[in-house]
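Here the structure comes first, spelled out in structure tokens, and everything after it is commentary.
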Amino acid sequence: MPPNAEFRNRGRFANDGVDDIDAHDNNATETRIAPTKNLASTEIAIDGVIYDLTGFKHPGGDVVHLFGGNDVTVQYRMIHPRHNDKHLEKMTRVGKVSDYKPEYLFNTEFEREIKKEVFKIVRAGKEFGTLGYFFRAFTYIGIMAVLQYFWATTGSTWTLAVLLGISQASIGLNVQHDANHGAASRKPWVNDILGFGADMIGGSKWLWMEQHWTHHAFTNHADKDPDSFSAEPVMNFNDYPLQHSKRRFWHKFQGLYFLPLLSFYWLSSVFNPQIIDLQQRGAQSIGFNMENEFITKRRKYAVAIRLLYIYLNIVAPILINGFNITTVAQILTLGFAESLTLASLFALSHNFEGSDRDPTASFRKTGEPVCWFKSQVETSSTYGGFISGALTGGLNFQVEHHLFPRMSSAWYPYIAPKVREICKKHGVHYAYYPWMWQNFISTIKYMHAVGVGSHWDDHLQPLSGKN
């Protein structure tokens, strides 16, 4: 029986408890027409309509202001799968954008059926963390706290370096990920606190949300998914045409070096200068506006927490053991252990044989939007089951996670069989690997094929729009 299955459906939406805005505010005159780039930092656009967030009491907390100044149509739809147009009436409409042209289509037959069946399993208001999730989360938090204490007070050792590195990765997988998706708890303050797990492992919750939510909205989109081009020019995840300017001769060997390269993820995160202005460059490069009050107010806190992390994990062991080759190597080992545990699992999710690397190809050809739910399934993979889910924080259920990103990872094993069934019915390709190593081998083969360009023949041209 699924967790909390005994609770009845109370028909509660995520916006319950929000104070209704006066009718005259909802029906404000919409004489203003502006391009998306001219949105104010307190405004967002959804489905071509501009809304003013000033005074809006968002049930999910003030994190909504992170997106001020942007078109958030896809982000809104993916985070609020139970919402309808009535929910948007709770925000003040102030105009329309002049350049709205959606690439993705919502409310398709496939989407309606998959939501209908999944919501029979996970009732409204029960999609958040279960007792099992919180037991798992606080177990990992407790383990890391103990290991962190010994690392910072007694100095580094080889064994402690490996254990702490894996433990920090476990926080990234099992704690902060659900929290920063707003999926750990119905209460925003719980998500806020647990979300700082990203900062406690060398990252930043705010930079993570800027990049990761954009990745979710535009998965495998060669121009809009920050994860798809984050490793360039060192290696390519995108399968560019043979003569593309982003191809380099060394990419022919990336099937061999991509995993060792991922071991430097920790270093690139801890010493990432983007912590200073909290503007994630990948999201910024596709036009995401991050010059809003929500972000600027949090810069000093992000820097302070990063300095604390550097002290506890780098400075403290050096002060205890001395600045020598052994101590430095042990600190790097911590970073390598965390990096390989985290980054290798992320790499499996969307980079495998048969993944859709050009989900909006038909849009470019016909101008017709593509089903967002279908694109999420066909750009993602799922491997393993309950055990893998407990170890990876549900990241092994990437298909389910990308369909319902604001659902706690505790629920993914329960909805996975129904998701596969509906995908099969609608002819939507669902990539499933019974074992993680099978997904891993597929990822290595994919990275090699991308590097040498072997996919580029008359039959399969990933980023050409011909397949």
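The values are calculated or read from the model by the stated rules, or taken from the named source; none is laboratory data. Treat the numbers as computed from the prediction; the structure is a model and nothing was measured. Here the Cβ is made from the backbone with ideal geometry for all residues, glycine too, and neighbour counts use every protein chain on show. The protein model used for the area step is the full one, side chains on, heavy atoms only, and it has no ligands, DNA or RNA in it. Shrake-Rupley method; radii C 1.70, N 1.55, O 1.52, S 1.80 Å.
Structure above, values below:
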item	result
Conditions (1) over 23 Å from the mean Cα position of the chain (by Cα); (2) open to solvent by 30 Å² or more (accessible area, probe 1.4 Å); (3) at pLDDT below 90: number failed by residue 58	(1)
Search result, residues across segment 77-116 that are over 27 Å from residue 425 (Cα atoms) and open to solvent by less than 50 Å² (accessible area, probe 1.4 Å)	87, 88, 90, 91, 92, 94, 95, 97
Of all residues making up segment 432-443, the number that are open to solvent by 60 Å² or more (accessible area, probe 1.4 Å) and assigned to a helix (DSSP H, G or I)	4
The listed residue being closer than 20 Å to residue 101 by Cβ, open to solvent by 10 Å² or more (accessible area, probe 1.4 Å) and either touching a Phe, Trp or Tyr at 6+ places or on another chain (Cβ under 7 Å) or of a type in the set (Asp, Glu) (or both), out of 353, 368	368
Residues within segment 235-251 that are loosely packed, with under 14 Cβ neighbours inside 10 Å and of a type outside the set (Phe, Trp, Tyr), tallied	5
Pair list, Cβ < 6 Å and 6+ apart or interchain, from segment 61-76 residues that are in a helix (DSSP H, G or I) to residues that are modelled with pLDDT under 90	64/58
Checking residue 153 against (1) farther than 23 Å from residue 337 by Cβ; (2) outside any loop (DSSP other than H, G, I, E, B); (3) of a type in the set (Ser, Thr, Tyr), the condition it does not meet	(1)
Test: residue in segment 203-217 that is within 14 Å of the chain's Cα centre (by Cα), farther than 15 Å from residue 134 by Cα, of a type in the set (Ser, Thr, Tyr) and part of a helix (DSSP H, G or I)	yes
Residue selected from segment 253-273 under the condition without any contact (Cβ under 8 Å) to a residue 12 or more places away in the chain and closer than 19 Å to residue 201 by Cβ, by the criterion most open to solvent (accessible area, probe 1.4 Å)	271
Any pair with Cβ under 6 angstrom, 6 or more apart, that starts in segment 283-295 at a residue that is at pLDDT 90 or above and ends at one that is hydrophobic (A, V, I, L, M, F, W, C)	294/66; 295/278
Which numbered condition residue 279 misses (of (1) without any contact (Cβ under 8 Å) to a residue 24 or more places away in the chain; (2) over 30 Å from residue 378 (Cβ atoms); (3) not in a helix (DSSP H, G or I))	(1)
Matching option when the condition is outside any helix (DSSP H, G or I) and under 30 Å from residue 129 (Cα atoms), among 401, 429	429
